[in-house]
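Q: Could you have a look at this structure, given as structure tokens, before my questions?
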Amino acid sequence: MAERVRDGRRGAAEGVPEGRRGAVDCVPGGRRGAGERARDGLRAYWLIAGMWIRSTMTYRTSFALTMAGNLVVTGLDFATILLMFSQVDSLGGWSLPEVCFLYGLSATAFGVADLVLGSMDVLGARIRDGSFDTLLVRPAPVLAQIGADRFALRRLGRITQGSVVLGWSLVSVDVAWTPAKVLLVPVMLAAGAAIFCALFVAGAAFQFVAQDAAEVQNAFTYGGTTLLQYPPTVFGKDFVRGVTFMLPLAFVNWVPAAYVLGRPYPLRLPGWTAWSAPLVAVVCCALAGLAWRAGLRAYRSTGS
Amino acid sequence: MSDVFIEVDEVEKVFEVRKKTGFLKRERHQVRAVDSLSFTVARGEMVGYIGPNGAGKSTTIKMLTGILTPSGGRLRVAGIDPSRERTRLAHRIGVVFGQRTTLWWDLPLIDSYRLMHRMYRIPDARYAENLDRLVELLSLEALLDVPVRQLSLGQRMRGDIVAALLHDPDVLYLDEPTIGLDVISKAKVRTFLRELNTERGTTVLLTTHDLQDIEQLCSRVMVIDHGRLMYDGPLTGLHEAGESERTLVVDLERELPPIDAGPAARVVKVEGPRQWLAFPAAESAAPLVARIAAEYPLLDLSVREPDIETVIAAMLYPIGDTAKPPAERPTA
């Protein structure tokens, strides 16, 4: 009676999987270099993300519905801005296409980070229920494994919506495009996504210390992107200072956008700071990496 | 011991616990989860690792698998320092956490195995061979295409064991592998583990609350309490050390005064025609049964094994037995 009898349409023939290309040596060498670890991490990320995608696809209707819901919700998000502009002609001195430029950049960059690492806030729950330990006995970097956790394609919704708004703003904004300005836009997107990724990782690292801090993390990530959808001129100076120097979200769009749109720099920053976004992103990622390592080390010495 | 595979030398693990004692006030104190623990396990051994809840069992396993870093002492598994080379060690060990499945809930069982194949970079031929063999031994052939969420607990446990062994680990850690399983599933798992150990020489370390797991599988038992090793030796020695008792339940034809079975056993309870006799767990029940059958109108009888908690408790906290120190280690 231990075996529930299964229907016969599935045979045992599936036992042997189709041959996989490129057999790899399985005896791992000694300590591995950073480059190799990064490659291992990416590989593990894709493997696990692929499993989650297939898991989601077992419930197709549910996937379609959440995807549609996601689009509607992010769309409503943008509707707020349109509603505001139906009453006023400019917001903090910025026109609608300009605000859309900010919005599109922030939403797209955040959307990419959210797609890639958006489920890292489950870390606390995984620690609490003990399933985090099962990741530590696998031969793959834990960051990659937890980063790919609950990978959800429905998050493409935000990217889609963000890039539509960005695209519209690019054609309607009143800017004399130069090659430098054109080049800066993709740089901003990449750097912005990296800054948000760093924020996700740092937030997750914090959960090693405080396991119920998922909402704190969300306040910074989701809160941050909402913030950046409005021009810096609508906020208080001290606040802008904090978002520039403490939590350098300003480099996602405010600072470089000032260059592209030919507006005064927030906090009267010098002109070259527009191009510093990639550098800021690299520093953020490095700091987040260190925070993650410290958090993981703390976990492994306390186990709670 | 010539072929030492797991080496634990004076290992300790201290946790700092903060307790709220008032508003914003916290008291810190240290908890020694594992306290100067030393043992070795040879290649191919099958060891039961038991102890009361909170004794330090899972902390030890977590240190051996590289999840936790020890606070002190030296630890080696297959010559590797687990906490420093976690990913390298991962290729050499298999871990089954009894109550936490690592299988993919919504996907067919085979998908979880394909993930292992790629994540552990198992060569194709070896993967195919291992999968065939394991799936056959644990009779999971018909279930490979069934989503894991539809499997019964016993099937899932077997599925987890396969997942943990596809990469040919040298050592298998099992945490409560038979918990919640029905009798048939338990038997299947035990038979499989025995074969794995004898035929493939896989070293097995298992924690359990089921004394039968130990009885049927492990030639050696380690008992841990308060983070210290209290006993290390064969199971029979554990019974002797603890002077634990088995119970013979006897159904007579009619109500009778307590059975006189001589010094070998004593009646602990009488309820109508049914009587309960306690006798040392290390002794055979046969002479006792023969004697009762010869002298009394016997209808039926059964032997009850002490559960593992009772055995351990008897060993750790002997009642009125001061002559024998509880921490005696007959063969260590």
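The values are calculated or read from the model by the stated rules, or taken from the named source; none is laboratory data. On a predicted model such as this, the values are computed, not experimentally measured, just so you know. All Cβ positions, even for glycine, are placed from backbone atoms using ideal geometry, and neighbour counts span all protein chains on display.
Q: For A:Thr225, indicate whether it is over 18 Å from the mean Cα position of the chain (by Cα) and surrounded by 14 or more Cβ atoms within 10 Å (Cβ to Cβ).
A: Here the answer is no, as A:Thr225 does not meet what is asked.
Q: Now a separate question. Which one of these is buried (at least 20 other Cβ atoms within 10 Å of the Cβ) and more than 22 Å from A:Ile48 (Cα to Cα): B:Leu109, B:Leu115, B:Leu140? Steps first, please.
A: Working: B:Leu109 fails: more than 22 Å from A:Ile48 (Cα to Cα); B:Leu115 fails: more than 22 Å from A:Ile48 (Cα to Cα).
The match here is B:Leu140.
Q: Further, regarding this structure: Kindly list the number of the only condition in (1) over 25 Å from A:Val142 (Cβ atoms); (2) in contact (Cβ under 8 Å) with a residue 24 or more places away in the chain; (3) assigned to a helix (DSSP H, G or I); (4) at the interface with chain A (Cβ under 9 Å from one of its Cβ atoms) that fails for B:Asp145.
A: Just one mismatch for B:Asp145, condition (3).
Q: Another question about this same structure. Determine if segment B:220-230 includes at least one residue that is at pLDDT below 90, crowded, with 16+ Cβ neighbours inside 10 Å and part of a helix (DSSP H, G or I).
A: no
Q: Follow-up question, since we're still on this one. For segment A:69-107, give me the residue count where each residue is of a type in the set (S, T, N, Q), part of a helix (DSSP H, G or I) and under 21 Å from A:Asp174 (Cβ atoms). Write out each step before concluding.
A: Of all residues in segment A:69-107, those of a type in the set (S, T, N, Q) come to A:70, A:74, A:80, A:86-87, A:90, A:95, A:106.
Remaining after also requiring part of a helix (DSSP H, G or I): A:70, A:74, A:80, A:106.
After this cut, where a residue has to be under 21 Å from A:Asp174 (Cβ atoms) as well, the list is A:106.
Total meeting the criteria: 1.
Q: Related question: Could you check segment B:15-114 for strands (runs of 3 or more DSSP E) lying wholly inside it with 1 or more residues that are facing another protein chain (nearest Cβ under 9 Å) and farther than 21 Å from A:Thr302 by Cα?
A: Values: elements: B:25-42, B:46-50, B:72-77, B:93-97.
It comes to B:93-97.
Q: Identify the single condition in (1) surrounded by fewer than 15 Cβ atoms within 10 Å (Cβ to Cβ); (2) touching a residue at least 40 places away in the same chain (Cβ under 8 Å); (3) farther than 19 Å from B:Ala314 by Cα; (4) of a type in the set (Val, Ile, Thr) that B:Val183 does not satisfy, given that it satisfies every other one.
A: Going through (1) surrounded by fewer than 15 Cβ atoms within 10 Å (Cβ to Cβ); (2) touching a residue at least 40 places away in the same chain (Cβ under 8 Å); (3) farther than 19 Å from B:Ala314 by Cα; (4) of a type in the set (Val, Ile, Thr) one by one, B:Val183 breaks only (2).
Q: A follow-up question, please. Is it the case that A:Ser172 is among the hydroxyl-bearing types (Ser, Thr, Tyr) and in contact with a Pro (Cβ under 6 Å, 6 or more places away or on another chain)? Quick ask: steps written out before the conclusion?
A: Working: among the hydroxyl-bearing types (Ser, Thr, Tyr): yes; in contact with a Pro (Cβ under 6 Å, 6 or more places away or on another chain): yes.
It is true that A:Ser172 is among the hydroxyl-bearing types (Ser, Thr, Tyr) and in contact with a Pro (Cβ under 6 Å, 6 or more places away or on another chain).
Q: Here is a further query. Restricted to segment B:148-177, and to residues that are touching a residue at least 40 places away in the same chain (Cβ under 8 Å) and assigned to a loop (DSSP other than H, G, I, E, B), which residue is nearest to the chain's Cα centre (by Cα)?
A: B:Glu176
Q: Let me ask something else. Is it the case that segment B:184-207 has a residue that's charged (D, E, K, R) and in a loop (DSSP other than H, G, I, E, B)?
A: Of the residues in segment B:184-207, the ones charged (D, E, K, R) are B:186, B:188, B:190, B:194-195, B:199-200.
Narrowing the set further to residues that are in a loop (DSSP other than H, G, I, E, B) leaves none.
Checking segment B:184-207: not a single residue is charged (D, E, K, R) and in a loop (DSSP other than H, G, I, E, B).
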